[in-house]
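Working notes, beginning with the structure itself.
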Amino acid sequence: MAIKSLNIVSYGLYLLTRSNRFLAASVLKMMNGQITLRLLHSLENNPRLREALKRKKARVELLDSWILYKLRSGNGIDKNIDHISDITSATATGLFDPFTLSWSPLGKVLFGIEPWLLPKVVDNGYRYFGHIHPNALGPEWQNTFISIEAVVSDQTAALWGSQCFERGDVKITMGTGAFLNLNTGNDCHASLMGMYPLVAWQFRDIQERAQTVYCVEGASHDMGTVIEWAQQCGFFTSPMETSAIAESVSDTNGVYFIPSFSGLGPPINDHRAASGFIGITPSTTREHLVRAILESIVFRIVQLCETVEKESKYTLRLLRVDGGVSHNDFVCQLLADATGSCVERATSIESSILGATYMVGYNCGLWNSFDKLRRLRQIERTFMPRPEYYSSIRKHIVIWLKAIERFKNCLLRSRWNQSGIEVEASESIGS
């Protein structure tokens, strides 16, 4: 109810001020992957934690701040270690306001989360991340000094790994989920369709003035998860087989799959949508089902691409893909054909690791410009769009969208997040 009230009030303020900040707040939703819901669950079900917070004997750690603390303390307890988080990690919590670049007061107003509980937010070039305590590495490292030169969230690291340094550059990470990130430069984008603005990275110049770059992100959380499920069900023995299996048939024989184990994200935004096949007949084969699964993955990414193009001024002519699923040639080629964009796959698809390495080198002065980093990119293959397939694919997408309507708002059981927390229970089915 509090979130709905915030949405209504914020939209009214947006109509008066035309401020993107209020526009973003008018469609704000709490997602299961954010820290907010998990923190509220812990506060509600852990009396010791509530008491410790009252006595200021506990504090909230984000993933990066917790890892930093463990590395710097040597897995011990050291109250003198700074409670800090890098800005790219903080902005993904739902409690950080990317427009003001500070913790939002709504955390206290709506959820009772005091600002002092949260870590101090620092830029990605922060000079005082410290060094790794020898005890965190083992006895053989006791005389080793290793400084911590960069802290960055995974999707920002993937942006760097894909060399998306310019406004309008876009990368799509195809891992457990699919994450589309578009570099929007100094523009903090507000979306009405479920995309969300993030700080892509921030550095400070010699005068300590912040130089902030933003991105807009959209996610489809069931990509690798769907493939893993299909493997467990016996559709194939290895994900590496799926491309050949899908290409062994000319189409899905009228079968469509809805990949909604975690609901459907932008632009549908139905967290109660169900997964399933539709159109199965006696002539349906395993190959048809596998192809339908892969097509559904691509169609969800197409939705993200079309949403970001519709809401921004950018045309996505080049899609840089990374992550385990980007190994799949069928997925990459279908994505190129369905969007009309070139799909570029680098030699190294582990862009997050590569990007974090680039940022360390950048902070250390090993590379002093983005141009030097761009020269390091090696392309394994570029998938060119085939115009002769575009019309047919678009017709399939239209039918797939109609199939989605059958699966909307029809969750019939409890939904649990990865932490084992029941986040929703439903006994009704939508029309």
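When residue 187 is evaluated against the numbered criteria (1) outside any loop (DSSP other than H, G, I, E, B); (2) in the same structural domain as residue 351 (by TED's automatic domain parsing); (3) without any contact (Cβ under 8 Å) to a residue 40 or more places away in the chain, which criterion, by number, is the only one it fails?
Single failed check for residue 187: (1).
Suppose we filter segment 170-185 for residues that are surrounded by fewer than 21 Cβ atoms within 10 Å (Cβ to Cβ) and modelled with pLDDT of 95 or more; how many remain?
Of the residues in that region, 1 qualify.
Give me the residue from segment 227-239 that is part of a helix (DSSP H, G or I) and touching a helix residue (DSSP H, G or I) at 6+ places or on another chain (Cβ under 7 Å) and, out of that set, nearest to residue 262 (Cα to Cα).
227
Conditions tested, residue by residue: (1) touching a Pro at 6+ places or on another chain (Cβ under 6 Å); (2) not small (Gly, Ala, Ser).
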residue	(1), (2)
337	yes, yes
346	no, no
353	no, yes
363	no, yes
366	no, yes
379	no, yes
388	no, yes
398	no, yes
401	no, yes
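For segment 115-138, what are the residues that are at pLDDT below 90, assigned to a loop (DSSP other than H, G, I, E, B) and either in contact with a Cys (Cβ under 6 Å, 6 or more places away or on another chain) or surrounded by fewer than 13 Cβ atoms within 10 Å (Cβ to Cβ) (or both)?
138
What about residue 250, is it among the polar types (S, T, N, Q), touching a helix residue (DSSP H, G or I) at 6+ places or on another chain (Cβ under 6 Å) and either assigned by TED's automatic domain parsing to the domain that holds residue 334 or crowded, with 17+ Cβ neighbours inside 10 Å (or both)?
When the stated conditions are applied, residue 250 does not pass them.
In segment 380-402, which residues are aliphatic (A, V, I, L, M) and not in a helix (DSSP H, G or I)?
384
Give the residue that is farthest from the chain's Cα centre (by Cα), with candidates limited to residues of segment 65-84 that are in contact (Cβ under 8 Å) with a residue 60 or more places away in the chain and buried (at least 19 other Cβ atoms within 10 Å of the Cβ).
In this case the residue turns out to be 72.
For segment 377-395, give me the residue count where each residue is among the acidic types (Asp, Glu) and either closer than 14 Å to residue 345 by Cα or surrounded by 12 or more Cβ atoms within 10 Å (Cβ to Cβ) (or both).
1
Quick one: is residue 165 within 25 Å of residue 352 (Cα to Cα), without any contact (Cβ under 8 Å) to a residue 24 or more places away in the chain and surrounded by fewer than 20 Cβ atoms within 10 Å (Cβ to Cβ)?
So residue 165 fails the test.
Within segment 320-336, restricting attention to residues that are touching a helix residue (DSSP H, G or I) at 6+ places or on another chain (Cβ under 7 Å) and not in a helix (DSSP H, G or I), which residue is surrounded by the fewest Cβ atoms within 10 Å (Cβ to Cβ)?
328
Taking only segment 47-103 into account, find how many residues are farther than 24 Å from residue 211 by Cα and of a type in the set (Val, Ile, Thr).
4
Quick test for you: out of 287, 295, pick the one residue that is surrounded by 21 or more Cβ atoms within 10 Å (Cβ to Cβ) and either over 14 Å from residue 407 (Cβ atoms) or not assigned by TED's automatic domain parsing to the domain that holds residue 240 (or both).
Exactly one residue qualifies, and that residue is 295.
Among (1) in contact with a Pro (Cβ under 7 Å, 6 or more places away or on another chain); (2) modelled with pLDDT under 90; (3) under 30 Å from residue 78 (Cα atoms), there is one condition residue 103 misses while meeting the rest; what is its number?
Only one criterion is unmet by residue 103, namely (2).
Quick check on segment 359-376: of everything there that is more than 30 Å from residue 330 (Cα to Cα) and among the hydrophobic types (A, V, I, L, M, F, W, C), which residue is surrounded by the most Cβ atoms within 10 Å (Cβ to Cβ)?
359
Tell me, please, whether a residue that is among the small types (Gly, Ala, Ser) and in contact with a helix residue (DSSP H, G or I) (Cβ under 8 Å, 6 or more places away or on another chain) can be found in segment 139-149.
no
The values are calculated or read from the model by the stated rules, or taken from the named source; none is laboratory data. Predicted, not measured: the structure shown is a model, and the values here were computed from it. Ideal geometry is used to build each Cβ from the backbone, glycine not excepted, and the neighbour counts take in all protein chains shown.
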